[in-house]
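A short write-up of the structure that comes next.
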Amino acid sequence: MKTVIIGGGIGGIYTAYYLTKYGYTPNNITVIAAEWPPYSKHRLAEVLSEKLSIDYTYIGIYNLLLDKGINVIHGVADKIDVTGKKVLLKGGSEITYDNLVIATGGKPFIPPIKGVELDNTMSFYDIGDLRKLMRIRGPLRIAVIGAGLVGLTAASALKKMGATVTVYELMEDILPGVIDKPLSSKLKNYLSGKGLRIHTGTGVEEIIGDRRVKGVKASGRIDPADIVVFTTGVRPNTDLVKDTGIETVRGAIRINRSGATSIKNIYATGDCALSHDLITGKEVYRPLGFVAAHYARIIARNITGTKKETRGIVPTIYENIGGAHIVRVGLSLKEAESLGLSPTLRCEETIDQISCTVFEERRPIGYEAVGFSERIRNKAWQVYYDIHTLFS
Amino acid sequence: MAHRYILAVDYEKCTGCHLCELACSIKHYGVVNPYLSRITIITKPEIQASTPVYCLQCNDAMCARACPANAIYFDDKTGAWLIDYNKCIGCRECVYACPFGAISLTVKAEPIKCDLCGGDPECVKVCPHGAIFYGPEYEVVRKLKKGKAVGIVYEVLEKGIEVPAGNRVKEAEEAVKTLYRIWEERKKLNI
Amino acid sequence: MVAKYILDIDIEKCNACMRCVFACSLARSGVIDERQAMIKIIVEKGIVIDIAVCRHCDPAPCVNVCEFDALRVEDGRVVLDQSRCTTCKACISVCPFGAIRESYGGELVKCDLCGGDPACVRVCPTGAIKYVPAHMVKTRRISSVAKTIHEYLEKIGGR
């Protein structure tokens, strides 16, 4: 029984790790990785702001896996032959499999606006982007487009490097997918006070320049900029599964609660696949590291022969942006509404922290908090526990 | 509204025999071990005083407020704050929060506190000097103060604006006077 | 039965001398740097309001949420395996005490009790941090309460 894992990101590596943990012969595992050693995207911003070596982003687990004897192929998968059960690699070689795990990850989404093809426009997604940004010297004006978690952490890291950073967000609030209005407006005030320029409700219309970026045109005004960083979200990277018959929903691979795709013996996890929400039971696209690892464990269980189904994911997010703590457990008000619930929000405010609990029919379904002091104390665990006992 | 049941100790009657501690540990664990007891006697021979330290089942309990897992809940039936061990994460926050030191830890670092033995406290039964009382609040307070007056005041407070009928009014008036006198005396002692 | 040893913290005794923080960072990484330490004294307006250090909960929320197998309970201690951690920070979001911290290079750090001989305890001059068997915590708490009651009894004339 041979298992081939396409992708050397978190999903791929942890599938391999859990397979070896649950007793699968390491020699029968092959990982096809474009980037090796595996690295953690969560550490990119920190490495950038502290001017550390790229080694800091690597996840130490790869040594353990290599010692155990898994096979790693440096390369890119080109095609999957579902009937012949083999993966064709770029460069002509092929590899047969009994079980296939697709963990190709995501790709940064860049909005179709004029000027995105200019030099010095980039995304902030993988280690290549980090290398580009690390080469930057001198005081620069950087425009960050998109005020999500990645955008704001990148912006505060770039700010720490000495650049002048301006953040543009199309939505009315910052962190639109993570926290709700009362918290995000507080956070925006805080970050503005720290010297980060944030324009919300501002759609970037055009990136101006000839060959190189000269400025950003947003809401009719032109701000000068030397570099434009797009952090406008992630889309599944699933070009590989086209014409294979594997079912996809808006580009993301549909998986069942065992992590299996519509074709037998083919599994998928990570940013290329959908996941299940524990509270509503619906399929959602959440490009988060621990979602990948969660399904990696489920898949490893199923490949090694123990039937296991996940009950779903309760998102748990923490981020430190310029000294502010952002905590989110469960659903936010907006996300709950988009999943078809009719939630209510109850907020509490203390001197250094604002926290909100999201309720649905008096049952807690989410908690979010933003703290501005060094003290991180919150009720996230209570809500997390309640969600798990109430909804399963 | 039913009367709240409370556990109280008459410090003056306690001789420091530690029987309640043993009874408590036997009741809950089947072993004699003062470390597993939820009531603890501290003796100070110099002033011939023994002080039982026990859970007062506060109205607004600090332990329940401090618990990050929301594991301490009020049981209406017995009037006790109980620990839900399914929820408890063993962080000891309640131990530090309690102003009375009434929550202790077992050797496995599991918090234990008085649960009023589900409404039938063993320590009350075993106390040879009748120093521990358990019952409705007004009755216990009446016993402690050795007078009827306080009990009646509590009853009046309980029933709100409803004035007791007949000669009970007089009793209540006297009770208030007694309370006032106690308060005056305490003020003199500067406590 | 072997008693579980715990860090017994008395905030009232802490005078924020930072010795424990520096000792912790030295023991962990060989340098004195607040960010490397796994213990943090939080001072607000000159008053110590919190000492953020791992309580080694059991069952621990952080172990419960970790999908990477990086956190686990090992003979009564919650330990973080650096090599498996990807810094997803899910554990920070559920920790009620802020005991898991981001360190240099985005690495997460948490108290491992120095394998049974905590450096912070060794250097604490006021006895605000002690490393004691769990059931001994009771004695400290109670004796301070009993003291107050004894004082009261003495005042009103003893028994």
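Here are the numbers for the structure shown:
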item	result
Dimensionless Rg over Rh [the range C:95-149; C-alpha; Kirkwood]	1.11
Under 24 Å from A:LYS186, Cα to Cα: lysines that are on another chain or at least 8 residues apart	A:LYS159, A:LYS160, A:LYS194, A:LYS334, A:LYS379, C:LYS45, C:LYS89
Peptide C:52-65 - average C-beta neighbours from other chains (10 Å radius)	5
Value of relative contact order over chain C, rounded to a whole percent, pairs C-alpha under 8 Å and six or more apart	28
Under-5 Å amide H pairs with A:THR232, H placed in peptide plane, nonlocal only	A:PHE109
For chain A, the longest site-free run once GluC sites (Glu not before Pro) in DSSP loop states with at most 14 other Cβ atoms within 10 Å are removed	A:36-116
C-alpha long axis of helix A:289-303 to longest principal axis of chain A, angle in °	10
C-alpha center-to-center spacing [the range A:337-392, the range A:14-63] in angstrom	32
Binned Cα-Cα distance frequencies in chain C - 10 Å width, integer %	10, 34, 33, 14, 6, 3, 0
For the range A:174-207 versus the range A:90-131, the gap between their alpha-carbon centres in whole angstrom	27
Candidates A:THR104, A:THR231, A:THR121: whichever shows maximal mean-square fluctuation once chain A is modelled as a Gaussian network with Cα springs under 10 Å	A:THR121
Dipole of the protein assembly as shown [Lys/Arg +1, Asp/Glu -1 at C-beta], most positive-end residue of C:ILE49, A:GLY201, A:ILE246	C:ILE49
In degrees, nearest ten, helix C:137-155 long axis to first principal axis of chain C (Cα)	20
For the protein assembly as shown: rounded, prolate or oblate by the Cα gyration tensor [a/c cutoff 1.5]	prolate
Footprinting exposure proxy for C:LEU71, A:LEU175 (fewest neighbouring C-beta atoms within 10 Å first)	C:LEU71, A:LEU175
Spatially proximal lysines relative to B:LYS44 (Cα-Cα < 22 Å; intrachain offsets below 8 disregarded)	B:LYS13, C:LYS138, C:LYS147, C:LYS155
Residue-averaged 222 nm ellipticity for chain A, from DSSP H runs of 4+ at -39500 (n - 2.57), nearest 500	-7000 deg cm²/dmol
Separation between Cα centres of the range C:38-72 and the range C:91-154, rounded to whole Å	11
Residues A:ILE298, A:ILE255, A:ILE13, sorted so that the one with the fewest Cβ neighbours within 10 Å comes first	A:ILE298, A:ILE255, A:ILE13
Built amide H within the under 5 Å cut-off of B:ALA80, gap 5+	B:ASP75
Karplus-derived HN-Hα couplings along the range A:203-212 (A = 6.51, B = -1.76, C = 1.60, θ = phi - 60°), whole Hz, x at Gly and Pro	x, 6, 8, 7, 9, 9, x, 10, 6, 10
Rounded, prolate or oblate (a/c below 1.5 giving rounded, otherwise prolate when a/b exceeds b/c) for the range A:72-133 by Cα gyration tensor	prolate
Prolate/oblate/rounded call for the range A:112-175, Cα gyration tensor, a/c under 1.5 rounded	oblate
Phi to ³J(HN,Hα) by Karplus 6.51 cos²θ - 1.76 cosθ + 1.60 over the range B:83-89, Hz, x for Gly, Pro	9, 8, 6, 6, 8, 4, 9
The range A:274-282 - phi-based ³J(HN,Hα) in whole Hz, Karplus 6.51/-1.76/1.60, Gly and Pro as x	7, 9, 9, 8, 5, 6, 9, x, 8
Inter-chain Cβ neighbour average for residues B:45-51, partner chain, 10 Å	5
Contact order normalised by residue count of the range B:5-135, Cα under 8 Å, 6+ apart, percent	31
Whole-number percent relative contact order across chain A, with pairs defined as alpha carbons under 8 Å at least 6 apart	15
Quotient of Cα Rg and 2.2 N^0.38 Å for the range B:5-135, N being how many residues it contains	1.02
Helix axis angle, A:181-193 relative to chain A longest principal axis, alpha carbon, degrees	70
Likely footprinting exposure, C:LYS138, A:LYS21, fewest C-beta neighbours within 10 Å first	A:LYS21, C:LYS138
Charge dipole (debye, nearest 20) of the range A:1-91; +1 at Cβ of Lys and Arg, -1 at Cβ of Asp and Glu	320
41 Å tail of the calculated P(r), chain A, as % of Cα pairs	16
Mean projection area, nm², convex hull over Cα of the range A:169-294	11.2
For C:LEU71, residues with placed amide H under 5 Å, excluding near neighbours	C:ASP81
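Read-outs: derived from the displayed coordinates by stated rules, not from any lab. For clarity, every value in this text was computed on a predicted model and none was experimentally measured. We place every Cβ from the backbone using ideal geometry, glycine too, and count neighbours over all the protein chains shown.
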